[in-house]
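S.K.: There's a structure below that I have some questions on.
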Amino acid sequence: MAAEVDLVPAVQGDARHTRVVVSAGLAFYLALGVGLGVTGPSLVPMRTDFGLPYATVALVLVATGIGYLVGALVGGPLSDRYGRRRLMIGGTVGGCLGLAAVAVAPSFEMVFVAKVVTGLAYGVAEPTLTALLADAAREKSARAINIAQIAFAGGALLAPLMVGGLLASGLGWRPGFALGAGLFVL
């Protein structure tokens, strides 16, 4: 059964497996940081584009949180049933598609729905990845998870600078979400 295979930790000493999982984890956490970080600096130009009051455009942040909450609640049982690898792939694809949908959304309602999808994907994938890192790194799991969190922080710090540059160059807020989606592809 796939779930049983996915739940079995790597064979101790399997350095290649550990490197692959940790590298994928770092890439995911970096993309997650960027994906979450592009939203804040995009709110004011998004508000202007859609002609919304500040309180309404702030709901974009709530949408991500709603999705994340639901994803985190169902992620564990789904991981047990379908396996961590499948959930990570689904979460990565969902994060990518959600950010891409925000980048091309014709209305605020579509942005809201896309951010719920993005949050759902993050909520499923992030705890699953933490468990994968712990399994793969074994006695060095705290270090692997800490490094992954540093990658997240790096992405969250990079995102506002990226969006600021895009806004300053006149490209608008949408390319920031497209670039965030692209990071999930890597």
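S.K.: Under 8 Å between Cβ atoms, which residue pairs at least 6 apart in sequence (or on different chains) link something in region 119-136 that is closer than 13 Å to ILE89 by Cα and of a type in the set (Ser, Thr, Tyr) with a partner that is modelled with pLDDT under 85 and not in a helix (DSSP H, G or I)?
M.R.: Every condition considered, no pair remains.
S.K.: Among (1) within 25 Å of GLY90 (Cβ to Cβ); (2) in contact with a Leu (Cβ under 8 Å, 6 or more places away or on another chain), which single condition is TRP173 missing?
M.R.: Status for TRP173: all satisfied but (1).
S.K.: Note down all Cβ pairs under 8 Å where the first residue falls in region 23-44 and is among the small types (Gly, Ala, Ser), the second is outside any helix (DSSP H, G or I), and they're at least six residues apart or on different chains.
M.R.: The qualifying pairs are ALA27/LEU186; ALA31/LEU186; SER42/TRP173.
S.K.: So in region 141-165, with the set limited to residues that are of a type outside the set (A, V, I, L, M) and in contact (Cβ under 8 Å) with a residue 24 or more places away in the chain, which one is surrounded by the most Cβ atoms within 10 Å (Cβ to Cβ)?
M.R.: That would be GLY155.
S.K.: Of all residues being surrounded by 16 or more Cβ atoms within 10 Å (Cβ to Cβ) and of a type in the set (A, V, I, L, M) in region 60-96, which is nearest to ALA27 (Cα to Cα)? Just the residue, please.
M.R.: Filtering region 60-96 for residues that are surrounded by 16 or more Cβ atoms within 10 Å (Cβ to Cβ) and of a type in the set (A, V, I, L, M), the one nearest to ALA27 (Cα to Cα) comes out as MET88.
S.K.: Does VAL57 satisfy the condition of being farther than 20 Å from ALA148 by Cβ, modelled with pLDDT of 95 or more and surrounded by fewer than 17 Cβ atoms within 10 Å (Cβ to Cβ)?
M.R.: It is false that VAL57 is farther than 20 Å from ALA148 by Cβ, modelled with pLDDT of 95 or more and surrounded by fewer than 17 Cβ atoms within 10 Å (Cβ to Cβ).
S.K.: Could you figure out which of (1) touching a helix residue (DSSP H, G or I) at 6+ places or on another chain (Cβ under 6 Å); (2) of a type in the set (Gly, Ala, Ser); (3) farther than 30 Å from ASP49 by Cβ isn't true of ALA142?
M.R.: In the conditions (1) touching a helix residue (DSSP H, G or I) at 6+ places or on another chain (Cβ under 6 Å); (2) of a type in the set (Gly, Ala, Ser); (3) farther than 30 Å from ASP49 by Cβ, ALA142 misses (1) alone.
S.K.: Right, GLY33: buried (at least 22 other Cβ atoms within 10 Å of the Cβ), over 17 Å from PHE108 (Cα atoms) and either of a type outside the set (A, V, I, L, M, F, W, C) or modelled with pLDDT of 90 or more (or both) or not?
M.R.: Yes; evaluated as a whole, the condition is true for this residue.
S.K.: Can you pull out every residue in region 81-132 that is under 22 Å from LEU43 (Cα atoms) and of a type in the set (D, E, K, R)?
M.R.: Within region 81-132, GLU109, LYS115 qualify.
S.K.: Of the residues that sit in region 97-115 and are among the hydrophobic types (A, V, I, L, M, F, W, C) and surrounded by 23 or more Cβ atoms within 10 Å (Cβ to Cβ), which one is farthest from SER23 (Cα to Cα)?
M.R.: If we take residues in region 97-115 being among the hydrophobic types (A, V, I, L, M, F, W, C) and surrounded by 23 or more Cβ atoms within 10 Å (Cβ to Cβ), then VAL111 is farthest from SER23 (Cα to Cα).
S.K.: May I ask you to verify whether ALA168 is surrounded by fewer than 23 Cβ atoms within 10 Å (Cβ to Cβ), over 23 Å from VAL74 (Cβ atoms), of a type in the set (Gly, Ala, Ser) and within 13 Å of the chain's Cα centre (by Cα)?
M.R.: In short, no.
The values are calculated or read from the model by the stated rules, or taken from the named source; none is laboratory data. This one's a predicted model, so the numbers in the text were calculated from it and none came from an experiment. Glycine also receives a Cβ, built like all others from the backbone with ideal geometry; neighbour counts cover every protein chain displayed.
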